[in-house]
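First up is the structure itself, then whatever we jot down about it.
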Amino acid sequence: MTAHEIDYHIYGEEMQYVEIELDPHEAVVAEAGSFMMMDSGIQMQTIFGDGANQNEGFMGKLFSAGKRLLTGESLFMTVFLNQYHSKRKVSFASPYPGKIVPIDLTQYSGKFICQKDAFLCAAKGVSVGIEFSRKLGRGLFGGEGFIMQKLEGDGLAFVHAGGTLARRELQEGEVLKVDTGCIVGFSPTVDYDIEFVGGIRNTIFGGEGLFYATLRGPGIVFIQSLPFSRLAGRIYAAAPQGGGKDRDEGSILGGLGNLLDGDNRF
């Protein structure tokens, strides 16, 4: 194996974190901002890209970082290396309510395709790259643009899904239609395309968008019930609008209701 062999345990239900056990000289690479806690004896180092091209000189590091820049991610990632003489643990937390999904890349022919903000952490040696869409419709209307993220190698990687996770194993020719934002990732054998919803009433009044994704088997697909974009949209819609005034959703009392429940803002 080229990637480090790591052990792990996932804790929690709605707000999960993954605890990774590192043997001496083992390392894990993670997105900036996902770190939660670690034992003493682990060294934290910021690197260009994902660390998979660190032995290929400056140009290898620059190419690795450039791929991440195209997906809208930071140029830098963080490596956590166990320099202690015995096993040490480091933990990474999910960014919002949902599930952490372990992906053993050896079970996906060494490659897994996911949305660009789903990656959480991986064993050092796993390559975090980009997957270009070869179809114009998928690129323009797929929700993830022309570029998705791909994880390559023979180690463990961890991705995050919002809300409740659904895992579907599609048979040859079986088609699953999904909201474009609800896709977490899929195996490389799955054919991914975009289809127009159709119908004037559906288009204008449906409220579900103009397109949905079609996933054609064979292969494995992971679907999330709560994409971050949907969560952010609901929070924004419920936030106070205009100078900090409350919208008083669902209340016929308005400002009087705020006064009665202890909130004296009008």
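The values are calculated or read from the model by the stated rules, or taken from the named source; none is laboratory data. Nothing here was measured: the structure is a model prediction, and the numbers come from that model. Ligands, DNA and RNA are excluded from the accessible area calculation, which covers all protein heavy atoms including side chains. Shrake-Rupley method; radii C 1.70, N 1.55, O 1.52, S 1.80 Å.
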Computing the accessible area with a 1.4 Å probe over protein heavy atoms, can you report the carbon and sulfur percentage for the range 152-201? 48
Students sometimes get this wrong: rank Glu14, Glu21 by accessible area, probe 1.4 Å, all chains present, largest first. Glu14, Glu21
So which of Lys87/Lys116; Lys89/Lys124; Lys87/Lys111; Lys150/Lys177 end up more than 25 Å apart, counting from Cα to Cα? Lys87/Lys116; Lys87/Lys111
Using the Karplus equation 6.51 cos²θ - 1.76 cosθ + 1.60 (θ = phi - 60°), what ³J(HN,Hα) coupling, rounded to whole Hz, does each residue of the range 84-95 give in order, writing x for Gly and Pro? 7, 7, 9, 5, 10, 10, 9, 10, 10, 10, 6, x
Sorted by accessible surface (1.4 Å probe, heavy atoms of the protein chains only), largest first, His4, His9, His160, His25 come out as His25, His9, His4, His160
What do you reckon, how do Ser187, Ser229 stack up by accessible area (1.4 Å probe), largest on top? Ser229, Ser187
